[in-house]
Amino acid sequence: MKPYFSLQRVLELKERREQATAQRLAAARQAAEAAREALDLLADQRRRGEAQRAEIGGVIATVGQLQNASYVLDRLDQRLEEAATAAREAEAHVNVCFAEFTIASRERQMLDRLKERKAAAATAEEAALDRKTMDAVALTRFTRGRMHPEGSTS
């Protein structure tokens, strides 16, 4: 007989919460990875822009070309800073989601262990009851055997 676990519904809710937090964590990790990729892309564009500016500086360039290159690099710097901020925020969100997942996982594991202990206790109790019943049967047979020995004439 399967033992009744009074907190089964709570355990199921904890399992669902753990699954939900795991999904949020996965989504947050994907968002953080996308933010890091965007940051890397902008950093690469910035490096290429700086290289182009250096090429322009090596060649006789007009003031307008130099100003334009400077403006493009300044704008890239702004976008790079925005992307770095977004990446930091995404990483912070990952940390929050991970903490929530850890808590949800521990709560579920705690209830799982409680359920296992309760099941083990029920199994031990059932085994003790079976032993007690078998002892009573054996004692009854023994006392009958002493009262009515086989082979004796009464």
> Do any residues in the range 36-53 that are surrounded by 15 or more Cβ atoms within 10 Å (Cβ to Cβ) have Cβ atoms under 9 Å from those of residues that are among the charged types (D, E, K, R) and in a helix (DSSP H, G or I), where the two are at least six apart or on different chains, and which pairs are they?
Replying inline: Arg36/Glu91; Leu42/Arg79; Leu42/Glu82; Gln45/Arg79; Arg46/Asp77; Arg46/Arg79
> So which pairs qualify, if the first residue must be in the range 69-82 and more than 11 Å from Gly49 (Cα to Cα), the second must be open to solvent by 40 Å² or more (accessible area, probe 1.4 Å), the Cβ gap must be under 9 Å, and the two must be at least 6 apart or on different chains?
Replying inline: Arg79/Gln45; Arg79/Arg46; Leu80/Leu39; Leu80/Gln45; Leu80/Arg46
> Regarding Ala104, is this residue in a helix (DSSP H, G or I) and more than 17 Å from Ala20 (Cα to Cα)?
Replying inline: no
> Considering Ala128, Ala138, Ala92, which residue is among the aliphatic types (A, V, I, L, M), in a helix (DSSP H, G or I) and modelled with pLDDT of 95 or more?
Replying inline: Ala92
>> If the requirement is being of a type outside the set (Gly, Ala, Ser), within 25 Å of Ala27 (Cβ to Cβ) and either open to solvent by less than 50 Å² (accessible area, probe 1.4 Å) or touching a Ser or Thr at 6+ places or on another chain (Cβ under 9 Å) (or both), which of these qualifies: Glu82, Glu91, Glu107, Glu100?
In response: Glu100
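The values are calculated or read from the model by the stated rules, or taken from the named source; none is laboratory data. All figures in this text were calculated on a predicted structure; none of them were measured in a lab. Every residue, glycine among them, receives a Cβ derived from its backbone with ideal geometry; neighbour counts consider all protein chains shown. Only protein heavy atoms, including side chains, enter the accessible area calculation; ligands, DNA and RNA are left aside. Shrake-Rupley method; radii C 1.70, N 1.55, O 1.52, S 1.80 Å.
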